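The values are calculated or read from the model by the stated rules, or taken from the named source; none is laboratory data. This structure is a prediction, so every number in the text was calculated from the model and none was measured. Cβ placement follows ideal geometry from the backbone for every residue including glycine, while neighbour counts extend to all protein chains displayed. Accessible surface is based on the protein model in full, side chains and every heavy atom, while ligands, DNA and RNA are left aside. Shrake-Rupley method; radii C 1.70, N 1.55, O 1.52, S 1.80 Å.
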Amino acid sequence: MTSGGDAPGMNAAIRSVVRACAYYRVSCVGIYRGYEGLIDADFIELTARSVNNIINKGGTILKSARSKEFRTKEGRKIAFENLKEQNIEGLIVIGGDGSFTGAVLFNEEYNFPVIGIPGTIDNDIFGTSHTIGYDTALNTAVEAIDKIRDTASSHNRLFFVEVMGRDAGFIALNAGVGAGAEEILIPEENLGLDRMLESLKKSRRTGKSSSIVVVAEGDKSGKNVYELAKYVEENLPEYDVRVSILGHMQRGGSPSCFDRVLASRLGVKSVELLLDGKTNLMVGLKDNEVISSSILEAIKGGHSINHELLRVSDIMTT
Ligand code: ATP
């Protein structure tokens, strides 16, 4: 199943799981709409041919959903009965930490084998250097910021560009460095608004006529992106400020080659773990090797931002 927010590359992961099952001659059932479909017994038998021509498609052919009912004991009981009825012996969940939390709880209650594949654009899961969808979202954001830069420099404007990331600044920091942003505001660090004003003033003094500030959705400045823009306009009237919110476009589109390869590798590993009788593991990438780690750690581990990259970003705005 795919669960929680959709991410580009989820289809490539589904394809990989299905084909690995076919390779090992075990049957594979797709569950529509995440835990919601599990409770509704919305299942489909998947064969190697069911997943033709989906590796390049964004979104998820199995659909995704958020299920309130699965958060209840009664909902999970129905889910278990549906799985038993279908003779399903293991569950692979492609999703984020919420989806993994549900899977762990389900395993605790019914001793049902579960394996997680990290699929979220936010890259905020402990135990893997990359989640499926992150690389594509990053490239989408950089491409969009490049386009905004064209108009920013034509009109000598300052643009605040909001990218996704309520709790994690991976997209903002990496897309910001990749697109040459003047300042980057992320949820993990509150560097203060004075610093941003200073940096913008300095840019003007040193002859920069346009600038881009990348802001993660959940940045800690205490102001939303419009309030930030207003704050700068009030304090630096020489700037002509605009706001652009990239929004859901960051979730869509054809997955990058990196995400397709990652999804293919993680899908195979997840099936092999289940066949080895393993449970409560998440597959992931570490030093470009496919690994498995405790799914509990994945949920509880949190994430940290790359300080070296923050430093590089600072130096680049000199
Ligand atoms: P994303 O990171 O993209 O938001 P996610 O997997 O974290 O993805 P959530 O909406 O947090 O997305 O979780 C997906 C689903 O997992 C929820 O709708 C719910 O059905 C289930 N779930 C989450 N937390 C729990 C929990 N504590 N108990 C039972 N089920 C849960």
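Evaluate the range 117-128: report whether one residue or more is open to solvent by 20 Å² or more (accessible area, probe 1.4 Å) and more than 9 Å from the ligand (Cβ to nearest atom). Yes, there is a match, as at least one residue in the range 117-128 is open to solvent by 20 Å² or more (accessible area, probe 1.4 Å) and more than 9 Å from the ligand (Cβ to nearest atom).
Going by the structure shown, is Glu109 away from the ligand (no atom under 11 Å from the Cβ) and either of a type outside the set (Val, Ile, Thr) or part of a helix (DSSP H, G or I) (or both)? No: the conditions fail for Glu109.
Selection of helices (runs of 4 or more DSSP H) fully inside the range 1-89 by the criterion of at least 2 residues being buried (at least 18 other Cβ atoms within 10 Å of the Cβ) and charged (D, E, K, R) returns 10-23.
Of the residues that make up the range 49-66, is at least one within 12 Å of the ligand (Cβ to nearest atom) and of a type in the set (Gly, Ala, Ser)? Yes - at least one qualifying residue is present in the range 49-66. Scanning the range 183-211 for residues that are touching a helix residue (DSSP H, G or I) at 6+ places or on another chain (Cβ under 6 Å) and either open to solvent by 50 Å² or more (accessible area, probe 1.4 Å) or closer than 18 Å to Arg149 by Cα (or both) yields Glu183, Ile184, Ser210, Ser211.
Within the range 145-154, can one find any residue that is in contact (Cβ under 8 Å) with a residue 60 or more places away in the chain, under 22 Å from Val283 (Cβ atoms), open to solvent by less than 20 Å² (accessible area, probe 1.4 Å) and among the small types (Gly, Ala, Ser)? Within the range 145-154, none of the residues are in contact (Cβ under 8 Å) with a residue 60 or more places away in the chain, under 22 Å from Val283 (Cβ atoms), open to solvent by less than 20 Å² (accessible area, probe 1.4 Å) and among the small types (Gly, Ala, Ser). The single condition from (1) surrounded by 18 or more Cβ atoms within 10 Å (Cβ to Cβ); (2) without any contact (Cβ under 8 Å) to a residue 60 or more places away in the chain that Val214 fails is (2).
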